[in-house]
Amino acid sequence: MTNVTTMDGFLLVGFSDDQELQICYALLFLGIYLLALMGNFTIIIITILDQSLQSPMYYFLRHLSLLDLSFISVTVPQSIDNSLTHNGYVSYGQCVLQIFFFTSFAWIEMAILTVMSYDRYAAICLPLRYEIIMCPTSCKWIVIAAWLSGSISGTLYTAATFSITFCRAKIIHQFFCDVPQLAKLSCAHDYFRVIGASACMAVMAFICFVFIIVSYIHIFSTVLRIRSAEGQSKVFSTCLPHLFVVSFYLSTGSFAYLKPTSDSPTASDLVVSVFYTVIPPVLNPVIYSLRNEALKGAVRKLLLQGVFTRRKAFFSYC
């Protein structure tokens, strides 16, 4: 225990101490990670190559997929490596970088989801002004602002987190460096900066959530006035997936960070952390593609072109 308290880094306990179970968890995480890579890379590629998917909605979706790739890559590869090597140690620097990138990408994703709701509001409620509001220059500056705000938020949150003094054994009952778990290791009343930073980010996230809800109230009130069933279906096919992604992302993240941390973590704490760190990057490509005919058509076209190219190469070789 003395060695654990005085060591420079931290010890991630993860899901289990059993080596066979660790390998099972590593293989499960590897499969989930590969699915996330495949799904998000597919969306990025088709929104770049397909000329029919060059609208602002797909531009923001491309950045959301890039964020999902980055978000899941912050935690899952490290967890897989720890499980396969049976070594949960992470250095102080690794933990700092993990919290910085995790917080930054989480905030950027929240910002992009908010912008995507405004994009749908402008397209449906203000169609005559849509091309002016969401011109290419505006979209680029909006994305740049989102990435810059995420970097600033990540820097401030990370600085607040590691300004505390760690007095307890540096054991983190998680598969990654989680801020609530780190706050438990601090000396008495030494984590008020973390609480302040968390409260600030929670307020900003709540403002974004209110903005999204107001946008969708206007969207649905406009959609219900559309007499065409086909028109309503087309609007719902682009709006409902986004609303589901926002709800799932905020509900799981809020539950994990607002729930009081206990001194004896349970399996449910780990399950909740998986739901807001690992599951969204895997589900988002599926959710956005499920009812979006344009995306499904672009994927089919990309696959058919690949098959045709391979056949042509084979016959030319023969």
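The values are calculated or read from the model by the stated rules, or taken from the named source; none is laboratory data. This is a predicted model, so every value here is computed, not measured. Cβ sites come from the backbone with ideal geometry, for glycine too, and all protein chains shown count toward neighbours. Ligands, DNA and RNA are stripped out before the accessible areas are found, and what is left, the full protein with its side chains, is counted by its heavy atoms. Shrake-Rupley method; radii C 1.70, N 1.55, O 1.52, S 1.80 Å.
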Taking only pairs that are 8 or more places apart or on different chains, how many Lys pairs in the chain have Cα atoms under 30 angstrom apart? 10
Non-local amide H neighbours of Y89 (under 5 Å, H modeled in plane, Pro and chain starts lacking H): which ones? L12
Please find the FRET efficiency linking I217 to S251, where r is the Cβ-Cβ separation and R0 is fixed at 22 Å, and quote it to the nearest 0.05. 0.70
Choose one answer from L295, L148, L303: the residue with the largest mean-square fluctuation in a GNM of the chain with alpha-carbon springs under 10 Å. L303
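Show me 57-67, 81-91 ranked by packing, highest mean number of other Cβ atoms within 10 Å first. Mind dumping the intermediate values first?
Working: 57-67: 22.6, 81-91: 16.2.
Packing proxy ranking, top to bottom: 57-67, 81-91.
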Could you work out which residue, out of S254, S70, S268, moves most in a Gaussian network model of the chain, that is, has the largest mean-square fluctuation with Cα springs under 10 Å? S268
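Extension gain V210-L148, at 0.36 nm per residue separation less the Cα-Cα distance, in nm?
Values: separation 62, 0.36 × 62 = 22.32 nm, distance 2.20 nm.
20.1 nm is the gain from fully extending V210 to L148.
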On the protein heavy atoms, probe 1.4 angstrom, tell me the percent of accessible surface of the chain carried by carbon and sulfur. 69
Taking the Cα-to-Cβ direction at W141 and at M38 and moving 7 Å from each Cα, how far apart do the two end points lie in nm? 4.2
For the chain, calculated [θ]222 nm from helices alone, where every DSSP H run of n ≥ 4 adds -39500 (n - 2.57): -26500 deg cm²/dmol
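Restricting to Cα pairs below 8 Å that are 6+ residues apart, what does the relative contact order work out to for region 104-161? Please round to a whole percent. Please list the in-between numbers first.
Values: 25 pairs, mean separation 35.7, N = 58.
Dividing the mean separation by the residue count of region 104-161 yields 62 percent.
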Dimensions (Å) - the chain, Cα atoms, principal axes, largest first: 68, 59, 32
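What percent do you get for the relative contact order of the chain when only Cα pairs under 8 Å and 6+ apart count? Intermediate values should be presented prior to the final figure.
Details: 337 pairs, mean separation 81.7, N = 318.
With pairs under 8 Å counted, the relative contact order is 26 percent.
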Ranked order, K170, K296, K301 - accessible area, probe 1.4 Å, largest first: K301, K296, K170
Report E20's accessible area, 1.4 Å probe, all protein chains in place, as a number in Å² to the nearest 10. 140
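Taking the convex hull of the Cα atoms, report for region 18-94 its projected area averaged over all directions, in nm². Numbers along the way, then the final one.
Details: hull surface 24.3 nm².
Over every viewing direction, the Cα hull of region 18-94 projects on average to 6.1 nm².
How much length would be gained if the chain were fully extended between H86 and L128, taking 0.36 nm per residue of separation minus their Cα-Cα distance, in nm to one decimal?
Full extension from H86 to L128 adds 9.2 nm.
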Average Cα contact separation per residue, region 43-157, under 8 Å, 6 or more apart, as relative contact order %: 33
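Would you list the membrane-span-like helices of the chain, meaning whole DSSP H runs whose alpha-carbon atoms span at least 24 Å along their axis and whose mean Kyte-Doolittle value is at least 1.6? Don't skip to the answer; put the middle values down first.
Values: long enough: 19-49 (44 Å, 1.83); 56-85 (44 Å, 0.49); 92-125 (49 Å, 1.01); 136-161 (37 Å, 0.75); 192-223 (46 Å, 2.05); 229-258 (41 Å, 0.69); 293-317 (36 Å, 0.06).
Long hydrophobic helices here: 19-49, 192-223.
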Heavy-atom SASA rank of D119, D8 (probe 1.4 Å, accessible area, largest first): D8, D119
Among 38-49, 207-218, how do they line up from the highest to the lowest mean number of other beta-carbon atoms within 10 Å? 38-49, 207-218
